[in-house]
Amino acid sequence: MDRPLRSELAVHWGLDPDTVFLNHGSFGATPLAIREEQRRWQDRMEHEPVAFLDGEGLEQMTAARQALASMLSCDADDLALVDNATSAVNTVLRSLTFEPGDELLVPDHAYQACRNALDFVAQRWGATVVTVAIPFPVAGPETVIDAVMEAVTERTVLAMIDTVTSPTGLRMPFEDLVARLEGASVQVLLDAAHGIGMVPLALDELGASYTTSNCHKWLCAPKGSAFLHVRKDRQHAIHPLTISHGANVPLDGTTRFRHEFDWTGTRDPSAHCALPATIDHVGGLVEGGWPAIMERNRSLVLKGRSILCEALGIEPPCPESMVASIATLILPLGDEEEVHPHLQDPLKNVLKSTYGIQVPVWTWASPRGRFIRISAQLYNSEEEYRYLAWALKQALT
Ligand SMILES: Cc1ncc(COP(=O)(O)O)c(C=O)c1O
């Protein structure tokens, strides 16, 4: 079968023409115009570093928070710009104090790096991590809600919940979960790494104690751009991983939270500076803006999922309502004794080296299985999933 063409919007990205790129989910991909925008901010910085980092750069970071806030329906002052979701999760977990025996809840589909951070703090404080098993295949959102809420006890103090799970691609019923958990006095740390640009987020209405999202994934912003939102009543307890000048500068009408997060040492802020342009540029590629982009990506990934299921004779592992812009399918499990997320599945390498397809394939311990996860972004086309289906049929026989 011939290599498939991308969509007509692919001209806005500089992706390798020899790769069928079906893994937007891992690190995102940034349009050419936004890479230029980032370089323009770097040029301005290097033209006069002091004037930039003491002035224009800080002003642009404020503009970036305001642009995010209007997309997220929240107060820009409750947002901190951070490099990625992993550091935001660490920021929250390593700021909090726990009592021995406190219970920290996490579904077994959580991203391993964030789970590691949870295990680390639990061990430090003598707290207990309670892992909630979510079946996969899963019948529907109610199964997830029941499993999580049944695990809540009077010792539960925090729950780390995904918007969309990484290994299994499940769009979680996070709005319901946040409402129920916060209603039961359990602080929710919402891991929305797959969040902004993929699913609608209205943070004030949502009401989670802490939310982090990567902008470099589904917003298509430059790498190293993410945010942490902390509800006002929790801000006194949350400090950046790096304590810097903000710890003791006079408040001067603003909050300690703002001061501490607005300056964490000298760094290149160009990825964050490019956020307002990213929101406008990518949002302008499709009529209807961001809501239309989310819908278009979702329809395409569902189409891709059907194509694969039909070609391979397998069943989708979750209802369509639990799919956003990534979809995971269950492949036959090999005989491997050890199942570890860091192990490379040989099928992933075959798909790349023989067929030029970039798509993640991995085994996972709980829920146990061998998974393939497809992504859909504006540059993808239906043909690319047909090609993947053909390649998988060849590679699996
Ligand atoms: C659910 C989830 N959380 C956290 C992360 C970590 O993102 P980052 O590497 O940008 O910190 C990812 C990355 O794929 C993810 O899928």
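A few points about this structure:
- Loop sites by DSSP among the GluC sites (Glu not before Pro) of the chain, restricted to those with at most 10 other Cβ atoms within 10 angstrom, leave 1-153 as the longest stretch without any of them.
- 11 Å beta-carbon shell around N84, net charge (K/R +1, D/E -1): +1
- Label positions at E99 and W390, each projected 7 Å from the Cα along the C-beta direction, are separated by 6.3 nm.
- Rg then Dmax, both in Å and based on the Cα atoms of the chain: 21.3, 68.
- Once backbone amide H atoms are built at 1.01 Å from N, Y111 has S166 as its partners under 5 Å, excluding neighbours fewer than 5 places away on the same chain.
- Between S353 and Q66, the contour length at 0.36 nm per residue exceeds the alpha carbon distance by 99.0 nm.
- For region 62-162, applying the loop criterion from DSSP together with a ceiling of 16 other beta carbons within 10 Å to the trypsin sites (Lys or Arg not before Pro) yields R155.
- Local net charge near C215, Cβ-Cβ under 12 Å (Lys/Arg +1, Asp/Glu -1): +2
- Exposure proxy shown here: for K217, K223, K393, the number of other Cβ atoms within 10 Å sets the order, fewest to most, as K393, K223, K217.
- The E48 and E8 beta-carbon pair, evaluated with R₀ = 51 Å, returns a calculated FRET efficiency of approximately 0.80.
No value in this document is a laboratory result; all are computed from the given coordinates. Keep in mind it's a predicted model, so treat the numbers as computed, not measured. Methodologically, a virtual Cβ is constructed for each residue, glycine included, from the backbone with ideal geometry; neighbour enumeration extends over all protein chains shown.
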